[in-house]
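In what follows, a single structure is set out as structure tokens and then discussed.
The values are calculated or read from the model by the stated rules, or taken from the named source; none is laboratory data. All values reported here derive from a predicted model rather than from experimental measurement. As a convention, Cβ positions derive from the backbone with ideal geometry for all residues, glycine included, and neighbour counts pool all protein chains shown.
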């Protein structure tokens, strides 16, 4: 894992996979990929009274902690995800950061909602570059 201290990080998150661009957003930059634990995304009806049907059952904290470990040194984080309400992994991750890692949550500069499953990695990087150009530091 590269040293990302004091760097701008782009992160795409779905319930299956997270991609982290920590080494830059230039054309051709490659992301680190973090995969959700197997079995995490089964669509079975939840009867667990503790979780009340939410998407934060067993395995989710471990998945989110892998992501946290990967981005913990970032100075700014741009999240890109999709989904609405209970289906939004990005929203669940933001809420997790706010509850468990408030300092890291404060480094999230924006959360863009787009259909990342329909986008290629170069398109995602172009979106990040456009965001960065529109929000100069």
Quiz item: Residues in segment 95-126 that are in contact with a helix residue (DSSP H, G or I) (Cβ under 7 Å, 6 or more places away or on another chain) and free of Cβ contacts under 8 Å to residues at least 12 places away in the same chain: how many?
Solution: 2
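Go through segment 30-43 and count every residue that is modelled with pLDDT under 90 and farther than 13 Å from residue 59 by Cβ. If you could, list the steps in order and put the result at the bottom.
We begin by selecting, within segment 30-43, every residue modelled with pLDDT under 90; these are 37-43.
Checking the rest, the ones that are also farther than 13 Å from residue 59 by Cβ come to 43.
Qualifying residue count, segment 30-43: 1.
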Self-check item: Leading residue by the ranking (nearest to residue 118 (Cα to Cα)) among those in segment 7-25 that are in contact (Cβ under 8 Å) with a residue 40 or more places away in the chain, touching a strand residue (DSSP E or B) at 6+ places or on another chain (Cβ under 9 Å) and in a loop (DSSP other than H, G, I, E, B)
Solution: 14
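So which residues in segment 96-120 are part of a helix (DSSP H, G or I), surrounded by fewer than 16 Cβ atoms within 10 Å (Cβ to Cβ) and either at pLDDT 95 or above or on the phi > 0 side of the Ramachandran plot (or both)? Show your work before the answer.
Step one: filter segment 96-120 for residues part of a helix (DSSP H, G or I), giving 96-100, 102-105, 116-118.
Checking the rest, the ones that are also surrounded by fewer than 16 Cβ atoms within 10 Å (Cβ to Cβ) come to 98-100, 102-103, 117-118.
Scanning segment 96-120 gives 98, 99, 100, 102, 103.
From the set of residues in segment 80-94 that are loosely packed, with under 15 Cβ neighbours inside 10 Å and either touching a helix residue (DSSP H, G or I) at 6+ places or on another chain (Cβ under 9 Å) or on the phi > 0 side of the Ramachandran plot (or both), which is modelled with the highest pLDDT?
Checking each candidate, the answer is 86.
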